[in-house]
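Trainee: First the structure, then my questions, so here it is.
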Amino acid sequence: MGKTAVVTEAITPEQPGRIRFQGTTWTAISYDESFSPGETVEILKEDNLTFVVTRSIMGNIPDSTAGM
């Protein structure tokens with residue numbers, strides 16, 4: 001998908017967390033990375049209602065859709 005989101009609940013490879021994307025929060029997983037709340041992640045794909053995320057190449061830039 002290539003869009004960015006902000007982590008709202010910690011994500012680890014062992015434990016799903018949550019991201020804020022398009023004005024709401026969604027369950028998110030990562031295959032081999034951990035993320036803390038406030039970090040920006042990139043969405044790799046959507047699997048039903050769960051997003052697979054990775055470290056954003058854009059760094060920790062606020063998501064322009066966070067307030068939507």
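Trainee: Quick one: net charge around Glu33, please, counting Lys, Arg +1 and Asp, Glu -1 for every other residue with C-beta under 12 Å from its C-beta.
Mentor: On the way: positive: Arg55; negative: Glu14, Asp32, Glu39, Glu42.
Here the count lands on -3.
Trainee: Read phi for every residue in the range 37-52 and hand back ³J(HN,Hα) as whole Hz from Karplus 6.51 cos²θ - 1.76 cosθ + 1.60, θ = phi - 60°, with x for Gly and Pro.
Mentor: Couplings: x, x, 6, 8, 10, 10, 7, 7, 6, 10, 10, 6, 9, 10, 9, 9 Hz.
Trainee: Relative contact order for the range 1-62: what is it in percent, counting Cα pairs under 8 Å that are at least 6 residues apart?
Mentor: 33 percent
Trainee: Hey, rough spin-label estimate for Asp32 and Arg55, points 7 angstrom out along Cα→Cβ, what's it come to in nanometres?
Mentor: That separation, rounded to one decimal, is 1.2 nm.
Trainee: Further question: List the residues, sorted by chain then number, that are 5 or more residues from Phe21 or on another chain and whose placed amide H is less than 5 Å from its amide H.
Mentor: Trp26
Trainee: Still on this structure, please answer the following. What is the sum of charges, Lys and Arg at +1 and Asp and Glu at -1, for the other residues whose Cβ falls under 12 Å from the Cβ of Ile11?
Mentor: -3
Since every read-out is calculated from the coordinates, none of them should be taken as a lab result. Everything numeric here is computed off the predicted structure, so don't read it as measured data. Note that each Cβ is placed from the backbone with ideal geometry, even for glycine, and that neighbours are counted across all protein chains shown.
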